[in-house]
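Beneath this line is the structure, given in C-alpha cells, with notes to follow.
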Amino acid sequence: MEQIDTAVIGAGVVGLATAWSLAQRGRSVCVLEREPRPGMGTSTHNSQVIHGGMYYPAGSLKARHCVNGARMLYEFCATYNVPHARCGKLIVAHDDSEVEALEAIRVRGEGNGVEGLRMVDASFIRTREPHVAAKTALFSPNTGILEAEALVRTLARLCTERDVALLPGSPLIGADSGRDGVELRTRAESILARTVVNAAGLYADEVSAMLGGQTFRIYPCRGEYVELVPSKRGLVNGLVYPLPHTHGLGVHLTKTIAGNVTLGPTVCYQNRKDDYEDNRFPVEAFLEPAQALLPELRLEDLRLGGSGIRAKLHPADQSFSDFLITRDGKNPRLVQAAGIESPGLTSCLSIGEHVAGLVDEILA
C-alpha cells in the first residue's frame, strides 16, 4: 500500500493550492479527484473574478482570505503567466436610496484592508462605462479577472513538478482510520495517509462522513449566465455590479479575459450536485436585470451562457456562512476546507497556505 504524508481530496483550485503548498514544505502528497481532470467543478464554473474583499464581515475567513488571496493571486499570475487583468470594478447605485448601502460596503471594505475604494459620480462612470446607467458607484480599482482554466492548469503543473501525485478519475469510495494513518480506498488502489485534507467542494459533506469527520451539509446552489452577442460586447469595458443581494453579489456584467461579456449568476438552490442544465431560466428572465445596468440592451442581444454550482454551507433561508477551514473535531488526522464558494477562486492560494499550516500542526 502506498504511504504518504497527506492526501488531498479534490483537485479544484483549493485542493491544488493546498497540495502545492504542502509539497513546497517537503511533504509527500497525492490528490484524489473524482472527475477526469482537475478543476472541472466550481473552480471553472464562475465569473472568473479576482475579488477585492469588501463584501464580507469583519474578521471572517472570507474577508481575510479574499484580501490576502487577491494579493497572492496577482503575484502568482504575473510570475507564471496566467492570463489576468486588474481591470477595476464598479458597484452601481441608481438612486439616493442605494447610496447609503454603497457607503456601508466601502466602510466594511476599508476595515477589511481593501485598498483604493472610493465613491465616484456619474461623470466617472460614463468615462469608464459609457453605456451603463447609474447615478453613483463604488469603484474598486484592484478588482480584476483571470482565466480560471489557465490557473488550474498552472497549479496542476506546479504540483506535478513538486512530485505531487495527481489521481484524476479516482473518487474516494471508502476510508478507515488506524494507528498509522487513514487508509483511503479508490476503485484502483488503497493509500495510507498520515493526514487528509477534505477539499471536495460540492461533495465535502459526503467525504467528511466517509472519513468519520464532523457532520455538516453542503447545499448546492446553481448560478446561470447569459452572454452578450458578439456585436454588443463593446458596450462593456470591465466589471459592473449591482448592490449585492441575500445570496450573492447580484447579476453582474463581466468582461472576461477572452473578451466575451457574461451576465449572471442567478441563485437557485437545488437538490442535485451535478445538475447544470435541467429547467434553466429562459434568456428572457435576464432581460430586466440586464437593462438595469445597460438600458439599451434588447432581448436579441442576449444568448444562453454557462452555469455553475456553489457549495454553500447554509440553506436558502439564511444569508451567510463562512468558509469551514479547521482541524476536524472528530477525526484528528483530518483538515476541513469546505464550503468554499465565492470568493474561493480569489482566496485559493491563501486558503492553501492556511490548510497546509494546519496539516503541519498534525504532522509535527
List pairs: first residue in the range 161-181 and touching a residue at least 40 places away in the same chain (Cβ under 8 Å) and surrounded by 16 or more Cβ atoms within 10 Å (Cβ to Cβ), second residue in a strand (DSSP E or B) and among the basic types (Lys, Arg) anywhere in the structure, Cβ distance under 6 angstrom, at least six positions apart or on different chains. Gly181/Arg194
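Quick check on Val197: is it aliphatic (A, V, I, L, M), open to solvent by less than 10 Å² (accessible area, probe 1.4 Å) and in contact with a Pro (Cβ under 9 Å, 6 or more places away or on another chain)? It would help to see each step written out before you state the result.
Values: aliphatic (A, V, I, L, M): yes; open to solvent by less than 10 Å² (accessible area, probe 1.4 Å): yes; in contact with a Pro (Cβ under 9 Å, 6 or more places away or on another chain): no.
In short, no.
On the basis of being in contact with a strand residue (DSSP E or B) (Cβ under 9 Å, 6 or more places away or on another chain) and either in a loop (DSSP other than H, G, I, E, B) or not β-branched (Val, Ile, Thr) (or both), does Ala104 make the cut? So that I can check it myself, show each step before the final result.
Working: in contact with a strand residue (DSSP E or B) (Cβ under 9 Å, 6 or more places away or on another chain): no; either in a loop (DSSP other than H, G, I, E, B) or not β-branched (Val, Ile, Thr) (or both): yes.
Spelling it out, it is not the case that Ala104 is in contact with a strand residue (DSSP E or B) (Cβ under 9 Å, 6 or more places away or on another chain) and either in a loop (DSSP other than H, G, I, E, B) or not β-branched (Val, Ile, Thr) (or both).
Could you list all residues from the range 250-279 that are at positive phi and either of a type in the set (D, E, K, R) or touching a Lys or Arg at 6+ places or on another chain (Cβ under 8 Å) (or both)? Give the derivation first.
Residues of the range 250-279 that are at positive phi, as a first pass: 250, 259, 264, 279.
Correct list: Gly259 only.
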Pick from the range 125-149, criterion open to solvent by less than 10 Å² (accessible area, probe 1.4 Å) and in a helix (DSSP H, G or I), ranking: farthest from Leu243 (Cα to Cα): Ala148
Please tell me if Asp328 is within 21 Å of Ala175 (Cα to Cα) and either modelled with pLDDT under 95 or in contact with a helix residue (DSSP H, G or I) (Cβ under 9 Å, 6 or more places away or on another chain) (or both). yes
Over the range 332-361, the set of residues open to solvent by 10 Å² or more (accessible area, probe 1.4 Å), within 20 Å of Gln214 (Cβ to Cβ) and of a type outside the set (Gly, Ala, Ser) is Pro332, Arg333, Ile340, Glu341, His354, Leu358, Glu361
So Val207 passes all but one of these: (1) closer than 30 Å to Ala7 by Cα; (2) in a loop (DSSP other than H, G, I, E, B). Which condition number does it fail? (2)
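The values are calculated or read from the model by the stated rules, or taken from the named source; none is laboratory data. The structure presented is a predicted model; accordingly, all values stated were derived computationally and were not measured. Cβ atoms come from the backbone with ideal geometry, glycine included; neighbour counts cover every protein chain shown. Quick note on the areas: whole protein, heavy atoms, side chains included, nothing else; ligands and nucleic acids left out. Shrake-Rupley method; radii C 1.70, N 1.55, O 1.52, S 1.80 Å.
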